[in-house]
Every structure is written in structure tokens, then in C-alpha cells.
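Colleague: Have a look at this one.
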Amino acid sequence: MKKGLIMEGGAMRGMFTAGVTDVFMENGIEFDGAVGTSAGAAFGCNYKSRQIGRALRYNKEYCADERYASAKGFFRTGNLYSDDFCYHEIPETLDKFDFDTFNDNPMEFYITCTNIETGRPVHHRHDENADDLNTFLEWIRASCAMPMLERIVEIGGVKLLDGGVADSVPIRFFEELGFDRNVVILTQPLTYRKKKIKYGLIARSRYRNYPQLTKAMLDRHIRYNETYDYIREKELKGELIAVRPPEALNISISHDKNELQRVYDIGRREGLMSLKKVKDYLGS
């Protein structure tokens, strides 16, 4: 039996995920592997480093800081979220990411990105022998790099953007790796259906040199809804556990620490409600 944790992204909907995972960590729930897309990777990596509360703490502390995310920064650098401040100064100095504990924890950790030249997902497994802290943080940055709002991130000659474009909830990827006891944390409610993007012409113009990326962006809603249906089908059969918000979280990018706390608290509540079921399912 291989126990897997799959974490969807969704910008600050990820505070819901942080609430759930903090409850899981507080109650000693262990997984053999975890995979996160976008915010699911950025916040979910704290599971492997065993840093309960860190995702909420630094987001509340810096959410209103212009160095964190701002229109001014976007027009100056091309990045809504500052690459230096968010992906270096905070995790390296201001609220340190425990990279030593992260590496010592045997849990496998995968980061999902989108290869913009193929439109296909890239699931990068962290390798402590090859990935130093800077490389690891660059993979996180690539996974979170929202099209239209962030610059392309290049790692090892591969051009990457937000993993959610190609694989928002990489459940099938984990199943292919042999993970057969999976807990999926979703950031949309059961009734949610993604719609086709309305800025297709702008996307085609912006990424005219990357037609496979624009195709993936335009088709994303189809794959996304099919994946949600697949997860629900397996959930009803008892073949996985899904933890999701009971209703729309109504948050995307927020500079309001009270809103971040609100979404985090919903995650904690749902995590606590699912705790016995998750423990029984995993045999904890």
C-alpha cells in the first residue's frame, strides 16, 4: 500500500489546503508521497518540512506588502508575485523554509508544472542530491507562474508555467506511480464546473510562439471537469478520499489577512471533520 496526498492549486484558495494539512500534521497522518500543483505545491511543501502553520503565517504577514504581490510590481517586472521576495527572501530569511527537515523526511514530493512548448504536464520529483534550495524554489515558482500574470520560468532548458494549465489535480499521475491509498485536497466545492476562458484571443497573441500552451489553456476546462468527475466517481466507490470546501471560497488573490484566515479556518474545519475517515482509510 502506498499512501498519497494530492493537492490542487488555486492561488489563495490554497489557504484551505493549508488548514487541512495543518490538521493532518497535528494528528500525525503520514503519507508516502505528495504532489502539489501551483499553490498546492507552494503551501503543501510545508508538509514534508513539518512546518505546521507556516503557510498561513507568512501569507498573513506579507500579503499587503508591495514586495509580495502588487500591480506596481507586475508593471515593473512582469511578475504579479515578486520572484525575489516571495521565492527567496521569505523562505530563505524572513520565514525560513526548513530545507534540512524537508530533505530528511522520506516522503516523496512532486511539483507539477506545464511545459509551454508541449502543453503537457511536468511532474518534477524533488531530488535532494540534485536540487539545492534555489533549484527547489525555482520549481515552486514555475508551478505557481500564472499565465498572463507571470513571466516564463526556464529550468534546465525547459520553459515552464503554472502546473494547473496542464494538470490541476494530478490524481492519475499518482495512480500511475502506484499510489493506491490517496487523499485529494480540492479547493472548489462539489458542484463547481470550470468554464472556458474568455481571453482566448489575448492568450493566442501573448503566446503566439507556443501554440500547444494556448491549446492547453483553451481546453483546460474540459480536462478539469473530467478530472473532478473522475475523483467523484472514485470517491463514491471508496477508492479515495476527497476533502473539499462545502461552498465556493470566493477568494483568489487577496491582500486581506482576515480573508486568508477565514479560508484557512474553513480548511481546518473540513480537515477535522474528515480526520477519522482519513485515519481509517489510511490505516493510521
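The values are calculated or read from the model by the stated rules, or taken from the named source; none is laboratory data. Owing to the predicted nature of the structure, the values given are computational and were not obtained by experimental measurement. Virtual Cβ from ideal backbone geometry, glycine too; neighbours counted across all protein chains shown. For accessibility, only protein heavy atoms count, side chains too; no ligands or nucleic acids. Shrake-Rupley method; radii C 1.70, N 1.55, O 1.52, S 1.80 Å.
Colleague: On the given criteria, is residue 129 farther than 27 Å from residue 206 by Cβ, open to solvent by 40 Å² or more (accessible area, probe 1.4 Å), polar (S, T, N, Q) and not in a helix (DSSP H, G or I)?
Modeller: Numbers: farther than 27 Å from residue 206 by Cβ: yes; open to solvent by 40 Å² or more (accessible area, probe 1.4 Å): yes; polar (S, T, N, Q): yes; not in a helix (DSSP H, G or I): yes.
Considered against the rule, which asks whether it is farther than 27 Å from residue 206 by Cβ, open to solvent by 40 Å² or more (accessible area, probe 1.4 Å), polar (S, T, N, Q) and not in a helix (DSSP H, G or I), residue 129 comes out as yes.
Colleague: Among what's in region 242-262 and is of a type in the set (A, V, I, L, M, F, W, C) and either farther than 13 Å from residue 20 by Cα or in a loop (DSSP other than H, G, I, E, B) (or both), pick the residue that is most open to solvent (accessible area, probe 1.4 Å). Talk me through it step by step, then tell me what you get.
Modeller: So the first thing to find is which residues in region 242-262 are of a type in the set (A, V, I, L, M, F, W, C), and the list is 242-243, 248-249, 251, 253, 260.
Those left that are additionally either farther than 13 Å from residue 20 by Cα or in a loop (DSSP other than H, G, I, E, B) (or both): 248-249, 251, 253, 260.
Values: 248: 49, 249: 3, 251: 20, 253: 65, 260: 0 Å².
Among those that are of a type in the set (A, V, I, L, M, F, W, C) and either farther than 13 Å from residue 20 by Cα or in a loop (DSSP other than H, G, I, E, B) (or both), it is 253.
Colleague: If you don't mind, there's one more thing I want to ask. Suppose the filter is buried (at least 16 other Cβ atoms within 10 Å of the Cβ) and at pLDDT 95 or above; does residue 222 pass it? Step through it out loud before you land on a result.
Modeller: On the way: buried (at least 16 other Cβ atoms within 10 Å of the Cβ): no; at pLDDT 95 or above: yes.
It is false that residue 222 is buried (at least 16 other Cβ atoms within 10 Å of the Cβ) and at pLDDT 95 or above.
Colleague: Looking at 37, 77, can you tell me which residue is open to solvent by less than 50 Å² (accessible area, probe 1.4 Å), more than 22 Å from residue 269 (Cα to Cα) and β-branched (Val, Ile, Thr)? Talk me through it step by step, then tell me what you get.
Modeller: On the way: 77 fails: open to solvent by less than 50 Å² (accessible area, probe 1.4 Å).
Among 37, 77, only 37 is open to solvent by less than 50 Å² (accessible area, probe 1.4 Å), more than 22 Å from residue 269 (Cα to Cα) and β-branched (Val, Ile, Thr).
Colleague: Being farther than 18 Å from residue 255 by Cα, among the hydrophobic types (A, V, I, L, M, F, W, C) and free of Cβ contacts under 8 Å to residues at least 40 places away in the same chain is the filter here; which residues of region 6-56 pass it?
Modeller: 25, 52 - these are the residues of region 6-56 that are farther than 18 Å from residue 255 by Cα, among the hydrophobic types (A, V, I, L, M, F, W, C) and free of Cβ contacts under 8 Å to residues at least 40 places away in the same chain.
Colleague: If residue 212 satisfies all but one of (1) open to solvent by 60 Å² or more (accessible area, probe 1.4 Å); (2) in contact with a helix residue (DSSP H, G or I) (Cβ under 6 Å, 6 or more places away or on another chain); (3) in contact (Cβ under 8 Å) with a residue 24 or more places away in the chain, what's the number of the condition it fails?
Modeller: Only one criterion in (1) open to solvent by 60 Å² or more (accessible area, probe 1.4 Å); (2) in contact with a helix residue (DSSP H, G or I) (Cβ under 6 Å, 6 or more places away or on another chain); (3) in contact (Cβ under 8 Å) with a residue 24 or more places away in the chain is unmet by residue 212, namely (2).
Colleague: From the list 50, 57, exactly one residue is basic (Lys, Arg), open to solvent by 40 Å² or more (accessible area, probe 1.4 Å) and either under 17 Å from residue 109 (Cβ atoms) or in contact with a Leu (Cβ under 7 Å, 6 or more places away or on another chain) (or both). Which is it? Quick ask: steps written out before the conclusion?
Modeller: Details: 57 fails: either under 17 Å from residue 109 (Cβ atoms) or in contact with a Leu (Cβ under 7 Å, 6 or more places away or on another chain) (or both).
So the residue among 50, 57 that is basic (Lys, Arg), open to solvent by 40 Å² or more (accessible area, probe 1.4 Å) and either under 17 Å from residue 109 (Cβ atoms) or in contact with a Leu (Cβ under 7 Å, 6 or more places away or on another chain) (or both) is 50.
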